[in-house]
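Novice: Before we start, here is the structure in question, set down as structure tokens.
Where a number appears in this text, it was derived from the coordinates with a stated rule and is not lab data. Because the structure is a prediction, the values reported are computed rather than measured. FYI the Cβ positions are ideal-geometry reconstructions off the backbone, even for glycines, and counts take in every protein chain you see.
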């Protein structure tokens with residue numbers, strides 16, 4: 001092998017080098033790491049086949065003529081156990097038939113000996129660039145799949161303004177982020193915004209619901225597995241950590257991870273290393289972790305179901321996302337945005353939501369938060385005339401929650417347990433009476449009562465809350 005100055009590469013590869021020449025093998029054991037790669041050097045086909053059964057490689061450089069076997073045997077093992085490996089044939093006894101066979105078997109390159117370190121470095125750089133392009137394509141596919149469900153963080157309430165300000169500050173860092181909030185508040189949207197405002201924006205954003213993966217498959221989903229690693233592993237699988245390499249991995253419902261996976265996640269956060277199921281050698285990936293949960297992690301720590309050291313690792317920054325009921329002033333703007341998204345438009349006119357519809361939406365408790373609001377507005381947009389969304393277009397259970405509590409027909413009064421009747425109670429009785437008189441027609445009832453429609457909605461909402469509390 002001719003000596004030349006080895007060039008480093010920014011694409012670190014897991015390289016298998018197979019050659020029976022002791023001097024060449026010893027040289028490559030030192031030079032491949034100097035080029036920036038992780039090297040496994042074998043001096044016989046049998047040793048190489050054993051290594052292939054234990055680990056997966058990005059690239060392989062294989063000599064064809066070796067005692068005790070052939071380089072073709074090694075290539076067959078690569079094709080079976082590590083099908084994504086790009087392999088290069090290097091031989092001093094190659095023939096045209098060998099070259100043709102190499103092409104037919106999908107060899108990346110064919111290098112006749114003697115081979116210089118420069119040539120080795122160059123071919124690995126090309127393979128690294130090819131891998132990087134493949135990874136970028138995967139990242140692009142992930143992003144395209146998410147475009148349909150994407151949404152900006154809508155709202156200028158004080159609580160949402162604080163969230164946006166915090167994101168602006170932490171996004172450019174690589175710090176771990178923990179997003180806390182009720183179900184449906186938009187935790188994934190926050191995670192995506194962190195990613196999009198970071199230096200990783202051009203790489204993959206991979207979102208996974210930790211509670212949606214069967215317990216026996218979590219490790220394989222996260223870290224991948226080699227072929228034959230367990231029953232049913234008929235093919236090798238790339239894990240989500242590898243897919244997200246260079247980008248961001250969003251772990252939603254973090255509190256659903258079992259203790260064993262908590263340990264493995266902690267190990268990654270401490271070392272940056274992962275190991276595929278069925279392999280012996282770990283390897284490093286560059287992934288930013290963003291987590292989210294609607295559970296109280298400290299309470300889980302006290303119960304012994306969550307590791308305290310993992311809590312410390314994942315919450316370098318905490319983002320508390322407020323429930324929708326605590327930022328009602330954002331509902332009109334948010335509703336406009338959700339309708340435009342459903343209609344696949346850039347925006348919609350303000351008039352598309354009738355004033356009384358806005359009042360109803362603002363009077364709700366929204367236990368399902370933004371997700372529930374989005375479903376309600378999709379229902380309403382489908383039933384509307386396309387010009388304006390009116391109260392009658394809303395789901396009936398939403399409208400009923402802003403109507404009246406049940407009337408005590410015997411006394412024609414509203415009852416709230418044994419509480420004494422007050423002036424407010426009598427006003428409520430009048431509102432109920434007028435609403436019944438007009439068969440639930442709120443505009444007509446408001447007109448007779450001499451109050452604004454908005455005031456009537458507020459009073460009806462308060463009535464319902466008092467009834468439920470009694």
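Novice: So how far, in whole Å, is the C-alpha centre of the range 187-214 from the one of the range 260-320?
Specialist: The two parts, judged by their Cα centres, are 15 Å apart.
Novice: Calculate, in whole percent, how much of the Cα-Cα pair population of the range 180-245 lies beyond 18 Å. Don't skip to the answer; put the middle values down first.
Specialist: Working: 1093 of 2145 pairs.
Pairs farther apart than 18 Å: 51 percent.
Novice: Out of all DSSP beta bridges in the range 149-322, what portion is antiparallel? Express it as a percent rounded to 5.
Specialist: Working: 4 of 22 bridges.
For the range 149-322, the DSSP antiparallel bridge percentage is about 20.
Novice: If you wrap the range 286-329's Cα atoms in a convex hull and average its projection over all directions, what's the area in nm²? Provide the component values of the computation, followed by the final result.
Specialist: Values: hull surface 18.1 nm².
Reported value for the Cα convex hull: 4.5 nm².
Novice: Using a simple spin-label model with points 7 Å from Cα along the Cα→Cβ vector, what separation in nm is obtained for residue 448 and residue 217?
Specialist: Placing both labels 7 Å beyond Cα along the Cβ direction yields 5.9 nm.
Novice: I need to check one value: relative contact order of the chain, counting alpha carbon pairs closer than 8 Å and at least 6 residues apart, in percent.
Specialist: Values: 753 pairs, mean separation 54.6, N = 470.
About 12 percent, as a whole number.
Novice: Still on this structure, please answer the following. Mind checking the log10 I(q)/I(0) for the range 14-129 at q = 0.10, 0.16, 0.18 Å⁻¹? Debye, one equal scatterer per Cα, no solvent, two decimals.
Specialist: -0.24, -0.65, -0.85
Novice: Using the Cα atoms of the range 149-322, I'd like the radius of gyration and the largest Cα-Cα distance, Dmax, both in angstrom.
Specialist: Using the Cα atoms of the range 149-322, the pair Rg, Dmax is 16.3, 54 Å.
Novice: Over the alpha carbons of the chain, what is the largest minus smallest coordinate on each principal axis, giving the biggest first in Å?
Specialist: Reported extents, whole Å, longest axis first: 104, 50, 41.
Novice: Any chance you could check the Cα centroid distance between the range 333-362 and the range 50-126 for me, in angstrom?
Specialist: The distance from the Cα centre of the range 333-362 to that of the range 50-126 comes to 61 Å.
Novice: Among bridges DSSP assigns within the chain, what percent are antiparallel (round to 5)? Intermediate values should be presented prior to the final figure.
Specialist: Numbers: 7 of 44 bridges.
Close to 15 percent.
Novice: Describe numerically, in nm with one decimal, the distance between label points set 7 Å from Cα along Cα→Cβ at residue 259 and at residue 426.
Specialist: 6.5 nm
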